[in-house]
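Right, one structure below, let's go through it.
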């Protein structure tokens, strides 16, 4: 009487349903934290990738800023507007290549810088429309000034090239045109024009 019942718990033993010795895992250790490992792997991948993205964005933005600054100071690709061509008397021939322009304005003077590559007929047509001809181009003459060329990055007058030029002075208020042509390829001359209007 008073002793343990057959099959029942022994005195001082674990209660029914209680934890067994040794903890929840073999050896009594804590369960592995897989989420912590996953987080570490994610950070190891994400942080360098984030730096790469930021670096790429900064590089792109820097390039865009430089391109905008260059376009603000230099030539814009394409034909001048019809109004510009009429005001400055620069009838760029149709089908010209490498056409670009730049306009400056002030209360004293306004100028239009234009470059284009044309053919023999295009050059003759251009000169005829402004009231002159090819024979007016002086061989070896560079009529665009160094300051004007520097403003738009032109290399007019560089040694080793076949240059010819002229200055077309017209009665006010018509513009004054400085024309320099590079005849390195006689079939496709490159024309540089600076047309200046004085209000």
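The values are calculated or read from the model by the stated rules, or taken from the named source; none is laboratory data. The structure displayed is predicted, hence computed values, not measured ones. Here the Cβ is made from the backbone with ideal geometry for all residues, glycine too, and neighbour counts use every protein chain on show.
Does residue 70 meet the test of being at pLDDT below 95 and more than 14 Å from residue 196 (Cβ to Cβ)?
yes
Only one of (1) under 23 Å from residue 157 (Cα atoms); (2) exposed (fewer than 12 other Cβ atoms within 10 Å of the Cβ) is not met by residue 103, so which one is it?
Status for residue 103: all satisfied but (2).
Among the listed residues 133, 60, which satisfies the condition of being closer than 25 Å to residue 163 by Cα and either loosely packed, with under 15 Cβ neighbours inside 10 Å or at pLDDT 95 or above (or both)?
Only one candidate passes the filter, namely 133.
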